[in-house]
Amino acid sequence: ERKRFYQNVSISQGEGGFEINLDHRKLKTPQAKLFTVPSEALAIAVATEWDSQKDTIKFYTMHLTTLCNTALDNPTQRNKTQLIRAAVKFLETDTLCYRVEEPPALAELQKNEWDPVVAWAEERYNVTIGSSTSILGPNIPASTKETFISHLASYNMWALQGIEFVITQLKSLILSMGLIDRHITVEKAVLLSRLEEEYQIRRWGNVEWAHDYDLCELRARTAAGTLFVHLCSESSTVKHKLLQD
Amino acid sequence: HAAGRHYRDSPAYRHVLAAFRAHRVTSEKLCRAQQELHFQAATYLCLLRSVREHEALHREYHGKGERSPEEVAGLVGFRLPQQPGGKG
């Protein structure tokens, strides 16, 4: 762990976007590139992460910074097509599509909690997804995958990094789209992703140091990823509805 | 240092406040931008709250347990060789 080595955190606008200043030093990525982000709001949120550190810098709590570093360095060296393919591939093993038959209470819970979200996705994107109790999972039609591939192609590279991140955290493309489309909240998405865990906790009791720890970490990462996607895909100008004063 | 200043002075708070104020003046009943802003604020709140809770749990359960070898030995009724009563 590194000690906090700076007093003041500020943001400034450079050629490549918004930069983070730690005293007089400009923040760099792990690969020593200049840290620049396309959105002012995102820069402010990253600056807030750095300014929130007390004596030591706890990198494991700085999720937005980590996401920006990934977008800037692209350590896995994937292009847009590869990212989209990885994201859509998750549909084949989507949490919401894998159903149990035993115990009946859990099967019922999955049906009641997951069916509506699957139905929402099918309607919103005009696709067939379905669900399955088979170990092979659901049979996703090629046209469904094509629809999601073409939808995700409308996002820029930064937003796509965020989307793929959220999908791997939640283990579900459907839940992630629910979040991106603002159909469900982060808390709900995380709950639905962890439905079986929550069911077991209710049956057998909670173990704070394990369960709550995992829950908070997943919420933090999912919230960061969702915020990251939205901040990277919106336009930064505020459109005033009334005439100028 | 963030701890010394009031949260109302923080850039993040000022930014969120300004964004909400800008969206307040609208004649549309269903303002999509307002809904988007509300969702964003709720998501950011979730992030801040979850990070705080996660860190607290990390400190509580993963930060402690830094016991010295003497303490660990003592837990199971042993003494280290260099301690009185310890076997060399």
Relative contact order, percent, of the range A:80-233 when contacts are C-alpha pairs under 8 Å separated by at least 6 residues?
29 percent
Quantify how strongly other chains surround peptide A:4-14 by giving the mean number of their Cβ atoms within 10 Å of each of its Cβ atoms.
1
Unit charges at the beta carbon, dipole of the protein assembly as shown: most positive-side option, A:G205, A:N8, A:L231
A:N8
Simple spin-label estimate for A:E108/A:S150, 7 Å along Cα→Cβ, in nm, reads 4.2 nm
Mind checking the full-extension length gain between A:K3 and A:E208? Use 0.36 nm per residue of separation minus the Cα-Cα distance, one decimal, nm.
70.9 nm
What is the range A:107-245 by shape, rounded, prolate or oblate, if you read a ≥ b ≥ c off the alpha carbon gyration tensor as root eigenvalues and call it rounded for a/c under 1.5, prolate for a/b larger than b/c, and oblate otherwise?
oblate
Starting from the Cα-Cα distance between B:A56 and B:R79, subtract it from 0.36 nm times their residue separation and give me the gain in nm to one decimal.
4.9 nm
Excluding same-chain pairs closer than 8 in sequence, count the lysine pairs in chain A whose Cα atoms lie under 12 Å apart.
4
Multiplying the sequence separation of A:T133 and A:S10 by 0.36 nm and subtracting their Cα-Cα distance, what value in nm do you get?
39.1 nm
I need the Debye-formula profile for the range A:2-73: one equal scatterer per C-alpha, no solvent, reported as log10 I(q)/I(0) at q = 0.11, 0.15, 0.21, 0.22 1/Å, two decimals.
-0.22, -0.42, -0.87, -0.97
In whole percent, the fraction of accessible protein surface over the range A:80-233 that belongs to carbon or sulfur atoms, probe radius 1.4 Å, stands at 51 percent
Across peptide A:186-197, what mean number of C-beta atoms from other chains lies inside 10 Å of a residue's C-beta?
1
Total Å² of accessible surface buried at the A-B contact, 1.4 Å probe, nearest 100?
3100 Å²
Just order B:73-82, A:16-25, A:178-187, A:152-161 by mean Cβ neighbour count inside 10 Å, highest at the front, would you?
A:178-187, A:152-161, A:16-25, B:73-82
Can you work out the FRET efficiency for the pair B:C31 and A:N79, with r the C-beta to C-beta distance and R0 = 56 Å, to the nearest 0.05?
0.90
As I understand it, the dipole of the protein assembly as shown uses +1 on the Cβ of Lys and Arg and -1 on the Cβ of Asp and Glu, about the Cα centre. Which of A:T65, A:V190, B:Q35 lies farthest toward its positive end?
A:T65
With charges only on Cβ, +1 for K and R and -1 for D and E, what is the dipole size of chain A about its Cα centre, in debye, rounded to 20?
680 debye
Working from the alpha-carbon coordinates of chain A, get Rg over Rh, Rh being the Kirkwood radius.
1.02
With the charge dipole of chain A built from beta-carbon charges (+1 for Lys and Arg, -1 for Asp and Glu) about the Cα centre, the Cα from A:G162, A:L215, A:N79 projecting farthest to the positive end belongs to A:N79
Order of B:36-42, A:8-14 by packing, highest average Cβ count within 10 Å first?
B:36-42, A:8-14
Rough spin-label spacing in nm, given labels placed 7 Å along Cα→Cβ, for B:A42 and A:H24
4.7 nm
In percent, what relative contact order does the range A:164-223 have, based on Cα pairs under 8 Å that are 6 or more apart in sequence?
41 percent
Order of exposure, largest accessible area first, which applies to A:E164, A:E92, A:E123 with probe 1.4 Å:
A:E123, A:E92, A:E164
How much area per residue is accessible in the protein assembly as shown when the probe is 1.4 Å and only protein heavy atoms are counted (Å²)?
57 Å²
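The values are calculated or read from the model by the stated rules, or taken from the named source; none is laboratory data. Since the structure is predicted, the reported quantities are computational estimates derived from the model, not experimental observations. Don't worry about glycine lacking a Cβ; one is built from the backbone with ideal geometry, like all the others, and counts go over all protein chains shown. Surface accessibility is based on the protein's heavy atoms, side chains included, excluding ligands, DNA and RNA. Shrake-Rupley method; radii C 1.70, N 1.55, O 1.52, S 1.80 Å.
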